[in-house]
1. Read through the list (1) among the polar types (S, T, N, Q); (2) touching a residue at least 40 places away in the same chain (Cβ under 8 Å); (3) surrounded by fewer than 21 Cβ atoms within 10 Å (Cβ to Cβ), then give the number of the only condition that residue B:104 fails.
2. State which residue is surrounded by the most Cβ atoms within 10 Å (Cβ to Cβ) when the search covers only the stretch B:28-38 and only residues that are at negative phi and not hydroxyl-bearing (Ser, Thr, Tyr).
3. Does residue B:77 fit the bill of being assigned to a loop (DSSP other than H, G, I, E, B) and either over 25 Å from residue B:125 (Cβ atoms) or not small (Gly, Ala, Ser) (or both)?
4. Out of all the residues in the stretch A:109-128, is one or more modelled with pLDDT under 80 and within 8 Å of chain B (Cβ to nearest Cβ)?
5. Would you be able to say whether some residue in the stretch B:51-60 is assigned to a strand (DSSP E or B), of a type outside the set (Ser, Thr, Tyr), within 21 Å of residue B:121 (Cα to Cα) and under 14 Å from the mean Cα position of the chain (by Cα)?
6. Quick check, is residue B:129 under 20 Å from residue B:85 (Cα atoms), in contact (Cβ under 8 Å) with a residue 60 or more places away in the chain and not in a helix (DSSP H, G or I)?
7. Say whether the condition of being among the β-branched types (Val, Ile, Thr), farther than 18 Å from residue B:49 by Cβ and out of contact with any Pro (no Cβ under 6 Å at 6 or more places or on another chain) is met by at least one residue in the stretch B:71-88.
8. Name the pairs whose Cβ atoms lie under 6 Å apart, with the first residue in the stretch B:52-75 and over 16 Å from residue B:89 (Cβ atoms), the second of a type in the set (A, V, I, L, M, F, W, C), and 6 or more positions between them or separate chains?
Amino acid sequence: MKKSYINIILWTLGLNFLVFLFVNFIDPEIYSVEFGRLLAIISIGVSAYCLYISNTDLGKTSKRLLTVFGTMLIGFLALLVYKYPKNIIATVAMFIAYGLIWLGVWVAIEIIQRKHIEKINKRLTELNGEDNDK
Amino acid sequence: MKITIDKNELYKEPEVVIKCRAISHEVQEIISVISVIGKNLAGEIDGETFFIPLAEILYFESVEGCIFFYTDKTVYKSQSRLYNLEEGLRDTYFVRVSKTAIVNLKKLKSIKREKNSRLLGTLANGEKIMISRGYVAEIRKKLGV
């Protein structure tokens, strides 16, 4: 079996365990047979998600972050659907809040990175712009 | 900047002493340039060994356990290990940019962000090289920015 697939399986199991602990922490009564089944469904969803992420052309950190946040998202949505099957607004609100947080983090990282690269390029031009243009 | 040359027949080899308040960009550049003067690296092509001045090398790359280094037009095979090279080139403008490559910053033209968040460096000869974000801090440190 490929090393990357073993990684994915380990990540999936580990993250699902965290989701399980988190949900159990929020509401211990939710720990039931139905929830066990739901976790099995989440596992399939997360596995598919991890496989999708692993095939994308992203950096290692991005993949890990996406896996963690993606797993959390799937876990939260599953929890909401399980606990409040008729409360669509809560589900949508959670989805939007999650999206906004993720967008904020992404924009902040983008801005910082862009500034760093601008500085590096400026320095590279100072350092050897003339030499390299020859 | 003041340059003083002390010529004496008793000296066995040239020695450079830099007197400065702090390590500025200018001082760092002097150190990096001086560090590679007269230094060559052995590289092989088809079993024949050549000695290439460090200043001419664009980058080192590890490919399936073998180390290759690239000049403007030629690729040489090196017997060194990447971590040994990294250690030996610490005071120069050579810097690790990924798990598999060390680049000569004097030969790096620019860095560009790709759509997939990866970084791509353009070398003096137009060649592109992948730069891992994890090594950007090291590049910034070396460039003093």
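The values are calculated or read from the model by the stated rules, or taken from the named source; none is laboratory data. Given the structure is predicted, the values throughout are model-derived calculations rather than measurements. When we count neighbours, we look across all protein chains shown, and the Cβ atoms used for this are built from the backbone with ideal geometry, even at glycine.
1. Evaluating residue B:104 over (1) among the polar types (S, T, N, Q); (2) touching a residue at least 40 places away in the same chain (Cβ under 8 Å); (3) surrounded by fewer than 21 Cβ atoms within 10 Å (Cβ to Cβ) leaves (3) as the failure.
2. Applying the filter and picking the extreme gives B:36.
3. no
4. Within the stretch A:109-128, one or more residues are modelled with pLDDT under 80 and within 8 Å of chain B (Cβ to nearest Cβ).
5. For the stretch B:51-60, residues assigned to a strand (DSSP E or B), of a type outside the set (Ser, Thr, Tyr), within 21 Å of residue B:121 (Cα to Cα) and under 14 Å from the mean Cα position of the chain (by Cα): present.
6. yes
7. No, the stretch B:71-88 has no match at all.
8. Between residues of the stretch B:52-75 that are over 16 Å from residue B:89 (Cβ atoms) and residues that are of a type in the set (A, V, I, L, M, F, W, C), the close pairs are B:75/B:68.
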